[in-house]
Amino acid sequence: MSSSSSSSSSSSSLLSPLQLPMKPIPGDCGHTFFGPFRDRLAYFYHEGRDKFFENRIQKHKSTIIKTNMPPGPLIASCPRVVCLLDAVSFPVLFDTSKVEKRDVLDGTFLPSLAYTGGHRVCAYLDPSEPKHTSLKSFILSTLSARHHKFIPLFQTGLSELFNELEAQISSKKEAYFNTLSDTMSFNYVFRLFCDKSPSETRIGFKGPKLVDKWLLFQLAPLGSLGLLPNLLCYFEDILLRTFTFPFFLVKSDYKKLYDVFYEFGSSVLDEAESKFGIERDEACHNLVFLAGFNAYGGMKVLFPGLIKWVAVAGQKLHKKLADEIRTTVEVEGGVTLSALNKMVLTKSVVYEYLRIDPPVPFQYGKAKVDFVIQSHDAAFEIKKGEMIFGYQPFATKDPKVFENPEEFVGDRFVGEGEKLLKYVYWSNGRETEETRAGNKHCAGKDLVVLLCRVMVVELFLRYETFEVESGAFMFAPSVTFKSLTKVSS
């Protein structure tokens with residue numbers, strides 16, 4: 001009787017509030033060694049990323065499944081994950097009372113700490129670790145102190161970018177946006193934190209290439225050129241995902257970056273020492289990571305993606321955006337924060353881009369305790385220590401939340417549509433929630449949204465419409481401008 005009562009009590013405690021049926025998590029991870037190879041070949045080459053998840057949802061009739069995620073052996077000894085593929089289950093990854101975010105930024109493996117000067121930078125820390133609060137507070141303070149520079153510095157960079165776009169289209173009939181965007185992004189980030197153009201320092205115009213190499217060597221096991229299944233793709237798989245790339249190959253490049261941020265970011269580092277008690281060397285490595293990995297690395301994906309989706313939306317939306325933007329700027333007397341906040345369609349377009357194609361598509365966390373998670377139609381038990389993986393594009397394109405989820409709807413978040421913003425998860429948190437020192441919400445969340453809005457505004461203050469060709473390369477969309485129609489004087 002006692003045993004039966006105990007069992008009943010345990011089972012009752014696992015039931016979800018909606019009394020959804022408890023089910024075992026479906027999925028086949030296969031052999032400890034060969035299963036991860038099978039899954040990563042399917043993920044990168046035989047099926048492709050989205051099809052990989054779609055096929056398993058259909059096979060198991062569930063949006064919560066078990067599978068392996070890259071890179072697998074020999075880089076990651078335990079690639080098995082519980083995979084969340086709907087809007088209901090995904091937010092558990094934001095709940096740091098249930099999920100630990102220690103060393104999970106890049107998933108099931110941690111790049112050598114040599115890439116960050118031997119330090120576990122803020123992005124690798126769980127909020128429960130004391131150092132997380134001081135480092136994130138330092139980052140938030142650094143951004144807050146520079147808020148008055150956000151718009152004017154970016155406008156300067158955009159003006160230079162658009163001038164170069166026009167020149168290349170005039171001479172070559174097309175212009176590759178990514179390279180120009182990378183240069184603009186690095187210059188913006190460096191000027192923001194160091195009050196100096198990188199061209200005036202010893203790195204000159206090499207900043208983007210230095211950071212690109214440093215990023216690639218850390219993230220290579222998660223990337224692919226998108227090759228078709230053949231001998232070449234298997235060679236790529238072995239090359240990228242058997243061993244991590246050694247730091248010594250980029251040591252001199254990283255030292256150049258560290259040295260210029262140490263020299264010209266002195267005011268930022270002074271505050272880290274005096275106000276937050278962070279040693280100067282550790283603060284500088286965190287600053288390089290913030291500027292290079294978080295900011296510039298994010299912008300490499302963010303801005304080409306934004307341009308791609310606004311272009312896809314077509315001339316009808318372009319006309320509506322241009323009308324709203326020009327009317328508001330004229331009434332407000334410029335591109336001010338007040339003006340931007342009144343551009344409801346422009347804001348919606350940015351949110352829709354972040355919904356349909358979030359720049360960081362993956363989230364990871366490790367279960368701190370046993371708990372129950374639910375999808376739309378079932379409940380499942382997660383065991384302490386299990387790695388949880390969320391594929392963001394499936395959560396933010398959940399057909400049970402969003403109508404026509406695969407379609408870019410520019411005005412989706414206008415009016416009553418604003419209520420759906422709580423399901424936009426691009427920033428390691430809900431769009432409706434604020435970043436704090438005690439959570440893992442992106443420290444630059446509001447800045448990202450602001451810069452995207454400014455880019456759209458400046459684009460349609462200068463042009464009526466534009467056309468691009470887009471593809472994909474490694475982690476980012478590739479965008480080539482084919483035409484720009486300037487505003488008639």
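When nucleic acids and ligands are ignored and a 1.4 Å probe is applied, Leu140 ends up with an accessible area of around 50 Å². Given a 1.4 Å probe and every protein chain left where it sits, what share in percent of the accessible area of region 321-362 is carbon and sulfur? About 58 percent, which is the carbon plus sulfur part of the accessible surface. With 19 Å as the limit on Cα-Cα distance, the pairs of Lys23/Lys384; Lys61/Lys422; Lys23/Lys59; Lys320/Lys342; Lys347/Lys422 that go past it are Lys61/Lys422.
Of the listed residues Val344, Val82, the order by accessible area with a 1.4 Å probe, largest first, is Val344, Val82. Each residue of region 196-212 is assigned a 3J(HN,Hα), and the resulting list reads 7, 6, x, 5, 8, 10, 5, 7, x, 9, 8, x, x, 5, 5, 5, 4 Hz, derived from the Karplus form 6.51 cos²θ - 1.76 cosθ + 1.60 (θ = phi - 60°), x at Gly and Pro. Short-range pairs are left out: with C-alpha atoms under 8 Å and at least six residues apart, the relative contact order of region 22-486 is 24 percent.
In this structure Thr133 has an accessible area near 60 Å², from a 1.4 Å probe over the protein heavy atoms. Summing Lys and Arg as +1 and Asp and Glu as -1 over all other residues whose Cβ lies under 12 Å from the Cβ of Ser62 gives a net charge of +3.
Per the Kirkwood formula on distinct C-alpha pairs, the Rh of region 156-231 is how many angstrom?
Every distinct Cα pair counted, the radius reaches 14.6 Å.
For Lys251, the lysines whose Cα falls under 20 Å of its own Cα, not counting residues fewer than eight places away in the same chain, are Lys206, Lys209, Lys213. Glu174 contributes about 80 Å² of solvent-accessible surface, heavy atoms of the protein only, 1.4 Å probe.
Taking each of Lys131/Lys440; Lys308/Lys445; Lys136/Lys445; Lys101/Lys440; Lys101/Lys366 in turn, the alpha-carbon distance tops 18 angstrom for Lys308/Lys445.
Stretching the chain fully between Val312 and Asp411 yields a gain of 34.2 nm (0.36 nm per residue, less the alpha carbon separation). The residues packed around Lys400, meaning those with a beta-carbon under 11 Å from its beta-carbon, carry a net charge of -3 if Lys and Arg are +1 and Asp and Glu are -1. Give me D for region 235-337 in µm² s⁻¹, whole number, from Stokes-Einstein with Rh from the Kirkwood sum over alpha-carbon pairs, 37 °C and 0.692 mPa s. It comes out at roughly 180 µm²/s. Note on exposure: Asp370, Asp103 ranked by accessible area (1.4 Å probe, complete protein assembly) read Asp370, Asp103, with the most exposed listed first. On the principal axes of its alpha-carbon atoms, region 108-225 has extents of 54, 39, 26 Å, going from largest to smallest.
Mean residue ellipticity at 222 nm from the helices of the chain, using -39,500 (n - 2.57) per DSSP H segment of n ≥ 4 over the full residue count, to the nearest 500 deg cm²/dmol?
Numbers: 17 runs with 223 residues, N = 489.
Only helices count here, giving -14500 deg cm²/dmol.
Put simply, the C-alpha atoms of the chain give a gyration tensor, and the ellipsoid matching it has half-axes of 37, 28, 24 Å, longest first. The trypsin sites (Lys or Arg not before Pro) of region 49-110 that meet both conditions, a loop assignment by DSSP and at most 15 other Cβ atoms within 10 Å of the site Cβ, are Lys61.
Below 14 angstrom from the Cβ of Asn341, what's the summed charge of the other residues (Lys, Arg +1; Asp, Glu -1)?
With Lys, Arg at +1 and Asp, Glu at -1, the net is -1.
The values are calculated or read from the model by the stated rules, or taken from the named source; none is laboratory data. The structure presented is a predicted model; accordingly, all values stated were derived computationally and were not measured. Note: ideal-geometry Cβ built from the backbone for every residue, glycine included; neighbour counts use all protein chains shown. To get the accessible areas, we keep the full protein, side chains included, count just its heavy atoms, and leave off ligands, DNA and RNA. Shrake-Rupley method; radii C 1.70, N 1.55, O 1.52, S 1.80 Å.
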